[in-house]
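S.K.: I'd like to ask you about the structure that follows.
Each value in this text was obtained by applying a stated rule to the coordinates, not by laboratory testing. Only a predicted model underlies this, so the values are computations on that prediction, with no experimental measurement involved. Cβ placement follows ideal geometry from the backbone for every residue including glycine, while neighbour counts extend to all protein chains displayed.
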Amino acid sequence: MRRSAFAAAVFLFIATAASSQTLDDLKSDGKNTDNILTYGMGYQQHRYSSANQINKTTIKRLVPVWNLSLDNNWGEQAQPLVYNGAMVVTNAKATVAIDVATGKQIWKHNLDWPPETPRVVCCGVSNKGAAILNGKVYRTTLDAHVLALDMKTGKELWKSKAAEWKDGYSMTVAPLIANGVLITGISGAEFGIRGFIDGWDPDTGKQLWRRYTIPARGEKGNETWPQNNNAWEVGGGSSWITGSYDPELDLTYWGIGNPAPWASQSRPGDNLYTSSVLALRPKTGEIVWHYQFTPGDAYDYDSNWELILSDIDVAGQRRKVLMQLNRNGFLYVIDRTNGQLTSAKAYEKMNWASHVDMATGRPVETEVAKKLRASEQVELWPSTTGGKNWPHAAYNPNTGLLYANTIHQARMFRHLETKPHVPGQRYMFVENLPIAKKPGEPHGHIDAIDPLTAEKKWRVPLTDFQIWSAMLATGGGLLFTGKTTGEFIALDADNGKQLWQFQTGSGINAMPVTFTHNGRQYVTVLSGLGGLYWNQQRERLKDIVPQGGSVWTFALLPE
Amino acid sequence: MTGKRIAALAFALAGAAGAAQGLESEGVTEERIRIGAEIYARNCSPCHGPRMQDAQGAFDLRKFPPDQKSRFVTSVTKGKNTMPPWGDLLKPADVDALWAYVMAGEKQ
């Protein structure tokens, strides 16, 4: 692109960015395919776009149109946002604005956190993405700050400290803006933090409220923690995946992470609100209802994963529900108006629970669970990594199916003797060893799943590596996701057949998106190996998949 | 780490005649091995593997050269590659204990 044309493009971006998007735009995100304004491509987190220019027939013409290096070896996990022809991408080191048509970098804002910070990051030095409103970009930092940037220039507008990283707190979560409040979560349950969700004033960075995920003494729910020790003060309960939001009910739903330490003997009780979902009022942080998936979690089955909102037919009645493929192996459907459990069916092999008692809403634990709680070593299905980890599922409201990358894995797991909490140091006390796979046994699957029965319409076994990329579903009948070995792939959503692939420069563990610009449909994904799975598989990957972050964008080659 | 295992490690250490002499001079004692095992289990095992097994992609500490203690100390205190620095958290005596554990422990 000639310099003058680039300058014109930048001017266009600046001019259009002036007409900033509003809260109403956020509410209707997903309807206008030109923009992606929220995490999950809509408050309901469907990761579905109606865009259908790229479809089963045209996909053979899908080609890369630009690539931008992110100069980062820590790994790329983020979901890009798109507004008026500008894309915003984050990782642990920087925030970048990019012209969507040309791939030119408009600005870059670099972060600087203490080199010791990764010590308190359990599972990958990363960032999941930004939020945008009224010309400002919001993001979190590894050393537990929240900051606002000018969307036109990348200039820092405010920076607020959420917590002290030296005490084990870190942030990788993408913020949510709901009813005018900027909402962020926190990481650190592996270091014995007391988790929380914060509400901030998007204009000033002033903290509006803090809702601890573990109630204090005297508050409802604290009775589920021991009353003779301080386990609740160091009890974990992170909130590291962005919540969803129902503007009509004015409720935001956040999955809450595991209790600390992982070894459960020092914290007898249900340990609310760990491994639960909280429905909060965004203006105040008030808890309207909760549901706990794994009471007294002894397995690291934290429940942060995406909470997908939809209105579906349940036994002939239209119900407002939220759905989650929980780490513990059950697929939950819950009435999002009141937290009532509607369905809980196993979607992956499990041996810690036999089923969920629909009368009590509690899982019925097996002999394996009893042995584990008695400090015996067990072969745990699913492993602590879960039947599914964070890589988000997509939901197509037209097919009514969830599409997810699931994990088929057990580990030899046991609790160790617990020791006193030391701020900023690991607080887990487990031994978690791998088990050799049986010949031919898959590492995981790509699944199309019925939410109410957990039955698979189809499943594709993964024989080399698990997939740690989110799923994207489109109106073109396609699914997009990325492989650990770097292939960006498109599948036929009807049967899971792979229709297309492109080899990117590193492994993919991020969140693909699609959008339209000047009538042309684009698909974007970040490539850049990193995160928990990379950490676990480095030995197998080091000679075949290089590191190095970049943004890849694809469109149809004109006929 | 159980007392039995420490005893076994100390025995193995003592049994490695010439080498043991050298390690003793580096301050590898049973007490240090025990303290090092605790520090390791809490802070190091998440990446380097429980009891130094399953190091995943991190350095397999069972293969650390016994004649390079200063390299070990530098890596732990200042960080290396994706390993962050630990110098502000672990005191020199803690790093010595870790060294003792890494040299003596879990070689099977």
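S.K.: Would segment A:325-400 count as rounded, prolate or oblate if I go by the C-alpha gyration tensor, calling it rounded below 1.5 in a/c and otherwise prolate when a/b exceeds b/c, oblate otherwise?
M.R.: Verdict is oblate for segment A:325-400.
S.K.: For a quick check: with amide H placed at 1.01 Å from N, whose amide H comes under 5 Å from A:Glu455's, ignoring anything fewer than 5 positions away on the same chain?
M.R.: A:Asp450
S.K.: Now a separate question. Which listed residue (A:Ala144, A:Val89, A:Met41) has the Cα farthest towards the positive end of the charge dipole for segment A:11-164, taking +1 on Lys and Arg C-beta and -1 on Asp and Glu C-beta about the Cα centre?
M.R.: A:Met41
S.K.: How many lysine pairs in segment A:108-213, separated by 8 or more positions in sequence or lying on different chains, have Cα atoms less than 23 Å apart?
M.R.: Summing the qualifying lysine pairs gives 23.
S.K.: Moving on. Helix A:3-17 versus the longest principal axis of chain A: what angle, 0 to 90°, nearest 10, using Cα atoms?
M.R.: Here the helix axis deviates by roughly 50 degrees.
S.K.: Can you tell me the orientation of helix A:531-541 relative to chain A, as the angle in degrees between its alpha-carbon axis and the longest Cα principal axis, to the nearest 10?
M.R.: Helix A:531-541 sits roughly 80 degrees off the main axis of chain A.
S.K.: Moving to a separate point now. Taking a ≥ b ≥ c as the square roots of the eigenvalues of the Cα gyration tensor of segment A:258-391, is the shape rounded (a/c under 1.5), prolate (a/b larger than b/c) or oblate?
M.R.: prolate
S.K.: With a 4.7 Å Cβ cut-off, tell me which Cys residues in the protein assembly as shown come up empty for a partner.
M.R.: B:Cys44, B:Cys47
S.K.: Another question about this same structure. Multiply the residue separation of A:Thr57 and A:Lys220 by 0.36 nm, subtract the distance between their alpha-carbon atoms, and state the gained length in nm to one decimal.
M.R.: 53.1 nm
S.K.: Once a ≥ b ≥ c are taken as the square roots of the eigenvalues of the Cα gyration tensor of segment A:35-93, is the result rounded (a/c under 1.5), prolate (a/b larger than b/c) or oblate (a/b not larger than b/c)?
M.R.: oblate
S.K.: Give a residue-ordered list of calculated ³J(HN,Hα) values for segment A:275-281 (Karplus: 6.51 cos²θ - 1.76 cosθ + 1.60, θ = phi - 60°; whole Hz; x for Gly, Pro).
M.R.: Values, residue by residue: 6, 9, 10, 10, 9, 10, 7 Hz.
S.K.: With runs of 4+ DSSP H residues as the only contributors, calculate the mean residue ellipticity of the protein assembly as shown at 222 nm using -39,500 (n - 2.57) per run, divided by the residue total and rounded to the nearest 500.
M.R.: -4000 deg cm²/dmol
S.K.: Treating only the Cβ atoms of Lys and Arg (+1) and Asp and Glu (-1) as charged, compute the dipole magnitude of chain A about its Cα centre; round to the nearest 20 debye.
M.R.: 660 debye
S.K.: At a Cα cut-off below 25 Å, give the lysines reachable from A:Lys320, other chains included and same-chain residues fewer than 8 away excluded.
M.R.: Within reach: A:Lys27, A:Lys31, A:Lys283, A:Lys345, A:Lys388, A:Lys456, A:Lys457.
S.K.: Name the residue farthest towards the positive end of the dipole of the protein assembly as shown from the options A:Gln536, A:Gln503, B:Thr74, assuming +1 on Cβ of Lys and Arg, -1 on Cβ of Asp and Glu, about the Cα centre.
M.R.: A:Gln503
S.K.: Additional query: For segment A:486-498, in order, what is each residue's ³J(HN,Hα) by Karplus, 6.51 cos²θ - 1.76 cosθ + 1.60 with θ = phi - 60°, in whole Hz (x at glycine and Pro)?
M.R.: Rounded to whole hertz, the list is x, 6, 8, 10, 10, 10, 6, 5, 6, 9, x, 5, 6.
S.K.: Right, something else. Give, rounded to the nearest 20 debye, the magnitude of the charge dipole that segment A:126-283 has about its Cα centre when Lys and Arg contribute +1 at Cβ and Asp and Glu contribute -1 at Cβ.
M.R.: Approximately 280 debye in magnitude.
S.K.: For A:Ile197, list long-range residues whose amide hydrogen, built 1.01 Å from N in the peptide plane, is under 5 Å from its own amide hydrogen.
M.R.: Under 5 Å from the amide H of A:Ile197 lie the amide H atoms of A:Arg211, A:Tyr212, A:Thr213, each far enough along the sequence or on another chain.
S.K.: Under a 5 Å amide H to amide H cut-off, with H placed in plane at 1.01 Å, what residues pair with A:Phe293 once short-range neighbours are removed?
M.R.: Answer set, sorted by chain and number: A:Ser276, A:Val277.
S.K.: Mind putting a number on the dipole of segment A:285-329 about its Cα centre? Charges go on the C-beta only, +1 for Lys and Arg and -1 for Asp and Glu, and I need it in Debye to the nearest 20.
M.R.: 240 debye
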